[in-house]
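Notes for the one structure printed next.
The values are calculated or read from the model by the stated rules, or taken from the named source; none is laboratory data. Computed from a prediction, not measured in an experiment: that's the story for all the values here. Using ideal geometry, Cβ is built from the backbone for each residue, glycine included, and neighbour counts are taken over all protein chains shown. To get the accessible areas, we keep the full protein, side chains included, count just its heavy atoms, and leave off ligands, DNA and RNA. Shrake-Rupley method; radii C 1.70, N 1.55, O 1.52, S 1.80 Å.
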Amino acid sequence: MIVDRKKKVFIAIPNLGTIVPSLAYNLIQWTHDPRYTVQVFMPQNIFPQDAARNFCVKKFLESDCEYILWIDDDVFCPMDALHRLVSHDKDMVGAAVFAMKYEGDEAFPYPVTLRFNEEKKYQVYYGSGLEEIDATGSACLLIKRKVYEHPSIERPYIFSYHRDGTLSLTCDFDFNRRAKEAGFKLWADWGIVCSHVKEVDLKMLNNLLVRIKNGK
């Protein structure tokens, strides 16, 4: 009789002392899923962001887990998100998570998912199904252990800057770049849409809707 071995997942949630309640419910369900052995790690108040992420990676590599699942403290997922991401068997695969962008007196959601355009510059990408991408945030992102064990990724998360000191890439996007240069592929599953709990000025959303309605 062949018994499937439980897959071991390290869930990393850097936070400021709290997480959204629905994420707590995700964690309860996932830790009781008979298909997985889940280790939850929630370091608090580590700054800046790259230090928090690198500390999580250190603890992940000290464990015997095969995957790390990054989740932001203000994000919660469909209950089957963990199993669906693992089942893809990709080096790196994330769910769709939207952030808010503000321009003038308008606000609108956009996916933190990027592809290169013809000039090899990042642009926001709206996809469907399971698609390869060039960069994404780590709001809900599953990564195999072998990616962090690659010799070219000794320090996974760093902010990169232009010569004038302005920010070039966030630590998440810089990690994506170096992981892809090392031969790993990054994917997004647009069928898994997570909730992102943010404070939003409804007037700014209304301004956007009015402009769209008026065809401007």
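Checked against the criterion of being among the β-branched types (Val, Ile, Thr), within 18 Å of residue 177 (Cβ to Cβ) and in contact with a helix residue (DSSP H, G or I) (Cβ under 7 Å, 6 or more places away or on another chain), the candidates 112, 93, 124 yield just one match: 93.
Do we have residue 180 as open to solvent by less than 70 Å² (accessible area, probe 1.4 Å) and either more than 15 Å from the chain's Cα centre (by Cα) or at pLDDT below 95 (or both) here? Yes. Scanning region 56-76 for residues that are open to solvent by 10 Å² or more (accessible area, probe 1.4 Å) and either in contact with a helix residue (DSSP H, G or I) (Cβ under 6 Å, 6 or more places away or on another chain) or in contact (Cβ under 8 Å) with a residue 24 or more places away in the chain (or both) gives 59, 61, 63, 64, 66, 67, 72, 73, 74, 76.
Screening 49, 44 for residues that are open to solvent by 80 Å² or more (accessible area, probe 1.4 Å), under 14 Å from the mean Cα position of the chain (by Cα) and of a type outside the set (Asp, Glu) leaves exactly one candidate, 49. Inside region 58-85, residues that are within 15 Å of residue 146 (Cα to Cα) and under 14 Å from the mean Cα position of the chain (by Cα) make up a count of 3.
Look at residue 200 and say whether it is outside any loop (DSSP other than H, G, I, E, B), of a type outside the set (Ser, Thr, Tyr), open to solvent by 30 Å² or more (accessible area, probe 1.4 Å) and over 30 Å from residue 120 (Cβ atoms). It is false that residue 200 is outside any loop (DSSP other than H, G, I, E, B), of a type outside the set (Ser, Thr, Tyr), open to solvent by 30 Å² or more (accessible area, probe 1.4 Å) and over 30 Å from residue 120 (Cβ atoms). Is it the case that residue 149 is without any contact (Cβ under 8 Å) to a residue 12 or more places away in the chain and open to solvent by 40 Å² or more (accessible area, probe 1.4 Å)? So residue 149 does not fit the description; no. Assess whether residue 33 counts as being part of a loop (DSSP other than H, G, I, E, B) and touching a strand residue (DSSP E or B) at 6+ places or on another chain (Cβ under 9 Å). Criteria not met by residue 33.
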